[in-house]
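J.: Okay, handing you the structure first.
The values are calculated or read from the model by the stated rules, or taken from the named source; none is laboratory data. Just so we're clear, the structure is a prediction, and the values are computed from it rather than from any experiment. As a convention, Cβ positions derive from the backbone with ideal geometry for all residues, glycine included, and neighbour counts pool all protein chains shown.
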Number of protein chains: 2
Amino acid sequence: MPEAAAASAAGTVRARRAQYDVARLLAVAVEVFIERGYDGTSMEDLARATGISKSSIYHHVESKEQLLRLALERALDALFAITSEEGAKTARAIDRLQYVIGRVVEVLGAELPYVTVLLRVRGNTETERWALERRRQFDRFVRAIVIEAAADGGVREDLRPALVERLVLGMINSITEWYRPGRVEVGELKETVVAMVMGGLGGTP
Amino acid sequence: MPEAAAASAAGTVRARRAQYDVARLLAVAVEVFIERGYDGTSMEDLARATGISKSSIYHHVESKEQLLRLALERALDALFAITSEEGAKTARAIDRLQYVIGRVVEVLGAELPYVTVLLRVRGNTETERWALERRRQFDRFVRAIVIEAAADGGVREDLRPALVERLVLGMINSITEWYRPGRVEVGELKETVVAMVMGGLGGTP
DNA sequence: GTCTATAATCAGATAGAC
DNA sequence: GTCTATCTGATTATAGAC
């Protein structure tokens with residue numbers, strides 16, 4: 001039930017500060033994780049950022065690590081959804097590659113904070129290692145397309161597919177280091193990335 | 001004085017475990033920082049990795065943060081050295097860009113662990129904020145060349161120079177996420193990056 | 001240059017009231 | 001759903017011996 005409806009149902013019409021649920025808590029926590037790093041964030045930091053006490057946070061989640069897990073799941077689910085989209089099944093590998101690259105940029109724009117947290121995970125805990133493994137799985141999905149595109153002749157053959165995959169995904173992933181929605185449209189970002197990957201700086205517009 | 005020479009001078013010829021100095025300690029510490037993240041690394045972790053006790057570490061450095069500072073200084077010095085090299089002063093902006101991109105890849109290969117630590121700094125302490133600011137300074141140096149190259153007509157004009165600079169440096173910086181010397185030569189890496197930036201995947205070899 | 005022992009502080013998590 | 005108070009263990013750093 002939405003907060004407003006809940007308030008009405010309870011007969012309390014007066015305005016009040018929205019209370020926390022897991023989703024809202026997660027949104028705030030993820031921002032702090034990004035700013036200070038997961039390990040650099042204490043529950044006290046989260047309490048300050050949310051405006052509620054540490055023990056109130058524990059009412060919503062079992063642990064700090066659970067907040068991380070929720071963020072990682074959200075990011076990974078969004079990325080893996082791409083693999084079953086129609087565009088990722090186009091006939092020509094080079095077209096699939098272009099589609100997937102564009103979609104990754106879009107997902108990154110749509111789920112920016114969650115993907116940012118995912119990309120910074122180092123594997124210190126079981127949760128982190130699980131996320132790293134799933135992420136590698138996604139990387140392999142992209143690498144397979146690059147290899148196929150190279151075999152098709154869609155990609156120059158003097159470049160190692162494994163290097164290309166890592167550099168292309170690295171370029172895209174680096175977007176989380178600076179991108180903030182608003183100043184640049186995701187559409188322009190996507191077009192720029194696709195243009196650079198396909199044609200480089202000197203390519204024809 | 002090198003350890004062996006020191007041992008000779010002291011008249012002790014027998015083999016012995018090399019003792020630590022700041023440089024060796026730093027090298028080990030940086031590896032742990034990379035594996036577990038700086039905040040995720042405790043002095044106990046460093047004691048385990050070095051094989052000496054926590055208090056022995058404090059004999060060499062004042063604090064954990066000083067180890068970080070030493071690593072950051074080394075990385076930044078190596079990067080800034082590029083800005084005063086001859087090749088960074090070539091007449092055509094597009095040539096300067098190509099030179100600098102190649103050199104950044106080389107520096108990254110030569111100082112990999114230190115640059116890796118630099119790229120992961122988030123700004124939690126005064127030291128980290130100082131490093132972030134110097135890093136931004138270097139980014140601006142690259143951005144200025146991209147802007148000039150765009151004005152020269154060396155770079156397609158429909159792409160925002162600021163986006164191009166971020167994506168290119170992002171691609172290069174992402175190398176620290178996976179590169180380990182040995183399996184791929186720095187030379188091939190450099191050629192691949194330059195080729196992709198200049199001509200994209202479809203460019204002529 | 002290295003050690004053991006310990007001080008002082010901080011972090012993650014819980015108890016129990018409102 | 002939120003609070004204050006508190007437990008427990010980890011963490012950074014120091015003291016002082018060898």
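J.: At pLDDT 95 or above, more than 13 Å from DNA strand D (Cβ to nearest atom) and of a type outside the set (G, A, S): is that true of A:T41 in this structure? Give the steps one after another, and end with the answer.
T.: Details: at pLDDT 95 or above: yes; more than 13 Å from DNA strand D (Cβ to nearest atom): yes; of a type outside the set (G, A, S): yes.
Yes, satisfied.
J.: Tell me, which helices (runs of 4 or more DSSP H) wholly within region A:54-152 include 3 or more residues that are within 16 Å of DNA strand D (Cβ to nearest atom), surrounded by fewer than 16 Cβ atoms within 10 Å (Cβ to Cβ) and touching a residue at least 12 places away in the same chain (Cβ under 8 Å)?
T.: Details: elements: A:54-60, A:64-83, A:93-110, A:112-120, A:126-152.
Ranges flagged: none.
J.: Another question, if that's okay. Filter region B:153-167 down to residues that are farther than 12 Å from B:Q98 by Cα and part of a loop (DSSP other than H, G, I, E, B), then give me how many there are.
T.: Qualifying residue count for the region: 6.
J.: Could you list, in sequence order, all residues of region B:168-180 that are farther than 18 Å from A:R120 by Cα and either facing chain A (nearest Cβ under 7 Å) or assigned to a helix (DSSP H, G or I) (or both)? Working first, answer last.
T.: Taking region B:168-180 first, the residues farther than 18 Å from A:R120 by Cα are B:168, B:180.
B:V168 - this is the single residue of region B:168-180 that is farther than 18 Å from A:R120 by Cα and either facing chain A (nearest Cβ under 7 Å) or assigned to a helix (DSSP H, G or I) (or both).
J.: From the list B:R103, B:R136, B:R96, B:R180, exactly one residue is closer than 23 Å to A:T176 by Cα and charged (D, E, K, R). Which is it? First the steps, then the outcome.
T.: Values: B:R103 fails: closer than 23 Å to A:T176 by Cα; B:R96 fails: closer than 23 Å to A:T176 by Cα; B:R180 fails: closer than 23 Å to A:T176 by Cα.
Going through B:R103, B:R136, B:R96, B:R180 in turn, the sole match is B:R136.
J.: If you check every pair at least six apart or on different chains, which have Cβ atoms under 7 Å apart with a residue in region B:157-179 that is closer than 15 Å to B:T192 by Cβ first and a residue that is among the basic types (K, R) and outside any loop (DSSP other than H, G, I, E, B) second?
T.: Within 7 Å, the pairs are B:W178/A:R166.
J.: Follow-up. Among the listed residues B:R69, B:R74, B:R36, which satisfies the condition of being under 20 Å from B:V115 (Cα atoms), away from DNA strand C (no atom under 13 Å from the Cβ) and either touching a Phe, Trp or Tyr at 6+ places or on another chain (Cβ under 7 Å) or of a type in the set (F, W, Y) (or both)?
T.: Working: B:R69 fails: either touching a Phe, Trp or Tyr at 6+ places or on another chain (Cβ under 7 Å) or of a type in the set (F, W, Y) (or both); B:R36 fails: either touching a Phe, Trp or Tyr at 6+ places or on another chain (Cβ under 7 Å) or of a type in the set (F, W, Y) (or both).
Unique residue meeting the criteria: B:R74.
J.: I need a count of the residues in region B:181-205 that are touching a residue at least 24 places away in the same chain (Cβ under 8 Å) and either assigned to a loop (DSSP other than H, G, I, E, B) or at the interface with chain A (Cβ under 9 Å from one of its Cβ atoms) (or both).
T.: 5
J.: Here is a follow-up. In region B:23-38, is there at least one residue being out of contact with any Cys (no Cβ under 7 Å at 6 or more places or on another chain), in contact (Cβ under 8 Å) with a residue 40 or more places away in the chain and closer than 18 Å to B:I172 by Cβ? It would help to see each step written out before you state the result.
T.: Just the residues of region B:23-38 that are out of contact with any Cys (no Cβ under 7 Å at 6 or more places or on another chain), to begin with: B:23-38.
From what is left, the residues that are in contact (Cβ under 8 Å) with a residue 40 or more places away in the chain are B:25-27, B:29-31, B:33-34, B:37-38.
Add one more test, that the residue is closer than 18 Å to B:I172 by Cβ, and what stays is B:34.
Scanning region B:23-38 turns up at least one residue that is out of contact with any Cys (no Cβ under 7 Å at 6 or more places or on another chain), in contact (Cβ under 8 Å) with a residue 40 or more places away in the chain and closer than 18 Å to B:I172 by Cβ.
J.: If you don't mind, another one. Within region A:44-53, work out how many residues are in contact (Cβ under 8 Å) with a residue 12 or more places away in the chain, more than 9 Å from DNA strand D (Cβ to nearest atom) and away from chain B (no Cβ under 14 Å).
T.: Counting residues in region A:44-53 that are in contact (Cβ under 8 Å) with a residue 12 or more places away in the chain, more than 9 Å from DNA strand D (Cβ to nearest atom) and away from chain B (no Cβ under 14 Å) gives 2.
J.: Quick one: count up the residues across region B:156-167 that are under 15 Å from B:V105 (Cα atoms) and more than 8 Å from chain A (Cβ to nearest Cβ).
T.: Looking only at that region, the number is 1.
J.: Report yes if B:A49 is within 26 Å of B:E188 (Cβ to Cβ) and small (G, A, S), otherwise no. Steps first, answer last, please.
T.: On the way: within 26 Å of B:E188 (Cβ to Cβ): no; small (G, A, S): yes.
So B:A49 does not fit the description; no.
J.: Exactly one of these conditions fails for A:A23: (1) within 15 Å of DNA strand D (Cβ to nearest atom); (2) under 24 Å from B:R122 (Cα atoms); (3) of a type in the set (G, A, S); (4) assigned to a helix (DSSP H, G or I). Give me its number.
T.: Result: A:A23 fails condition (2) only.
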